[in-house]
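Asker: Below is a structure I'd like to ask you about.
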Amino acid sequence: MGIPIVGQSLSLLQAMRANKGEQWIQERIKKYGPISKLNVFGTPTVLLHGQAANKFIYTCDSNILANKQPESIKRICGERNLLELSGEDHRRVRGALVSFLKPEVLKQYVGKMDEETRMHLQMHWHGKHQVQVEPLMKTLTFNIICSLIFGIERGTRREVLVQLFKSLIEGVLSVPINLPFTRFNHSLQSSAKAKAIIMDLIREKRVALEEQRTSPQQDLITCLIKIRNEDGSALLSDEEIVHNCIIVMIAGHDTSSILLTFLVKRLAEDPSVLAAVVHEQEEIAHSKSNEELLTWDNLSKMKYTWRVAMETLRMTPPVFCSFRTAVKDFEYGGYLIPKGWQIIWAACMTHMDETIFPDPSKFDPTRFEQQKLTPYGLVAFGGGPRMCPGNEFTRIETLTMIHHLVTLFTWKLSSKDNPFSRDPLPVFKEGLPIQIEPKK
Ligand code: HEM
């Protein structure tokens with residue numbers, strides 16, 4: 001089990017920071033097989049690996065395996081956030097979120113996302129010779145969430161919220177010591193201010209709904225206020241709305257900005273993939289005027305581009321490993337796993353399994369043309385009842401941004417080496433600088 005308390009945490013964290021997490025896990029699997037015990041963050045832990053393990057974890061009853069997040073997330077987001085809930089509570093709150101994040105509802109927001117994307121490009125890309133992709137993609141996904149989730153237009157209020165979220169997020173993976181001047185303390189203070197702003201928004205939107213000045217699907221907050229139980233009472237408390245807006249912002253903005261960053265890198269490195277994406281996107285661009293916003297119908301024609309995104313998610317999934325906790329003793333693969341033990345799994349290790357993805361080291365978007373997706377093989381968005389409810393949201397923002405990038409600009413990487421670490425999400429050391437030129 002390694003040195004007590006520290007166990008294998010340090011070597012795993014070091015491997016992740018050096019972007020060698022996959023190798024670290026692979027070596028353990030080679031040495032000990034797909035089920036092995038270790039000690040991570042002072043807790044006895046079992047590492048599970050493989051497609052069957054993915055299926056078991058994703059579909060396991062929450063009476064056996066509970067979701068487990070660092071204490072800091074619970075304290076910063078609030079205890080009613082989706083990641084902390086299980087059973088009926090989880091189903092109810094998740095159902096409410098999905099009622100806004102489902103494709104039938106999101107399709108009406110394609111134009112709004114497109115407007116945000118165009119404004120972003122106007123402010124941060126046009127007229128520049130060099131940009132840093134990673135921070136810019138974060139700004140983009142942040143603004144898109146502000147617009148669609150909070151329904152806040154650009155202006156002072158959005159700026160205040162953006163600053164609060166930046167500080168709030170810095171504490172999410174910090175040591176939860178609440179002393180003045182710790183990162184965690186700043187984060188808690190920012191979280192309290194952000195929660196107060198969201199609470200004000202709830203009050204304003206409730207009045208707007210009563211006065212019929214807004215539609216029930218105007219943004220996520222309005223949608224959540226409007227959802228009722230059969231007896232007419234509110235399905236979610238105001239506290240639940242606030243805590244879940246914060247978790248959606250945290251879960252939603254970094255992950256999709258990472259996908260967009262890796263896509264820009266991939267397109268710069270792979271001329272044949274770039275050419276096919278440009279061909280698909282220019283056909284769509286030529287079918288409309290520059291002023292016309294993208295539509296759901298346009299997105300449904302971006303099949304190859306989305307396959308490139310899926311292949312990017314396969315090879316560099318933003319979420320590397322996740323945790324659950326054993327709520328009671330259970331048996332898996334002939335081993336007894338005791339109550340209280342932690343389960344760690346790097347679901348994405350199946351992305352490199354050649355029995356699921358032949359020639360797994362080759363970047364090949366066309367594999368998704370022929371290949372029927374093996375269940376629990378491609379799991380960048382997780383699986384089962386906790387599968388990412390933001391996957392459609394991600395698809396819309398990714399396709400919209402890539403459409404504009406490849407039709408408006410050409411680019412090349414400023415440097416050959418662009419190392420990134422996992423902290424735990426991928427972070428490029430130099431932010432991925434690129435040189436850009438407008439297309440003639
Ligand atoms: C490339 C983009 C994204 C990736 C790779 C991603 C990945 C994931 C994964 C792997 C999980 C499941 C974790 C587990 O089972 O432990 C998850 C959950 C979640 N994601 Fe995403 N996500 C992305 C974008 C988004 C977006 C845009 C939103 C919101 C608009 C979002 C909101 C959430 C929420 C709320 C959960 C918790 C679900 C639950 O516990 O029921 N994600 N995500």
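Asker: With the Cα gyration tensor of the stretch 322-415 giving a ≥ b ≥ c as the square roots of its eigenvalues, does the rule (a/c under 1.5 for rounded; else a/b larger than b/c for prolate; else oblate) give rounded, prolate or oblate?
Answerer: prolate
Asker: Let me ask something additional. What fraction of the DSSP beta bridges in the chain is antiparallel, stated in percent and rounded to the nearest 5?
Answerer: Looking only at bridges with both residues in the chain, the antiparallel portion is about 90 percent.
Asker: Can you bin the stretch 1-117 into rounded, prolate or oblate? Criterion: square roots of the alpha carbon gyration tensor eigenvalues sorted a ≥ b ≥ c, rounded for a/c under 1.5, prolate for a/b above b/c, oblate for the rest.
Answerer: Prolate, since a/c reaches 1.5 and a/b exceeds b/c.
Asker: Can you tell me how much longer the chain between K412 and W296 gets when fully stretched, taken as 0.36 nm per residue apart minus their C-alpha distance, in nm with one decimal?
Answerer: Full extension of this stretch gives 38.8 nm more.
Asker: Please list, in chain and number order, the residues 5+ apart from G151 or on another chain whose amide H is under 5 Å from its amide H, with Hs placed from the backbone.
Answerer: When sequence neighbours closer than 5 places are left aside, the close amide H contacts are L220.
Asker: Mind listing which GluC sites (Glu not before Pro) in the stretch 222-292 are in a DSSP loop and have 10 or fewer other Cβ atoms within 10 Å?
Answerer: When the GluC sites (Glu not before Pro) of the stretch 222-292 are filtered for loop state and at most 10 Cβ neighbours within 10 Å, E230, E291 remain.
Asker: Percent of Cα-Cα pairs more than 18 Å apart in the stretch 213-287, please.
Answerer: It works out to 65 percent of all Cα pairs.
Asker: Under Stokes-Einstein, with the Kirkwood radius over Cα pairs standing in for Rh, what whole-number D in µm²/s applies to the stretch 9-438 at 37 °C and 0.692 mPa s?
Answerer: The Stokes-Einstein estimate is 144 µm²/s.
Asker: On to the next question. Around Q212, under 13 Å between beta carbons, what's the net of Lys plus Arg minus Asp minus Glu among the other residues?
Answerer: Net charge around Q212: +2.
Asker: So for each of 426-432, 232-238 I average, over its residues, the number of other beta carbons within 10 Å; can you give me the resulting order with the highest mean first?
Answerer: 426-432, 232-238
Asker: Right, something else. Measuring from a point 7 Å past the Cα of Q108 along Cα-to-C-beta, which residues in the stretch 387-431 have an amide N at less than 13 Å?
Answerer: Answer for the stretch 387-431: none.
Asker: Sticking with this one: Taking 7 Å along the Cα-to-C-beta vector as the label spot, tell me the K372-Q163 distance in nanometres, rounded to one decimal.
Answerer: Taking the two extended label points, one gets 5.6 nm.
Asker: Sticking with this structure for a sec: I'd like to know which of M113, G252, G155 lies farthest towards the positive end of the charge dipole of the stretch 9-438, counting +1 on Cβ of Lys and Arg and -1 on Cβ of Asp and Glu.
Answerer: G252
Asker: Roughly how many Å is it from the Cα centre of the stretch 191-230 to that of the stretch 128-164, as a whole number?
Answerer: 21
Asker: Label points 7 Å out from Cα along the Cβ direction at V98 and E239: separation in nm?
Answerer: Here the modelled spin labels are 2.6 nm apart.
Each value in this text was obtained by applying a stated rule to the coordinates, not by laboratory testing. Values in this document were obtained by computation on a predicted structure and should not be read as measured data. Glycine also receives a Cβ, built like all others from the backbone with ideal geometry; neighbour counts cover every protein chain displayed.
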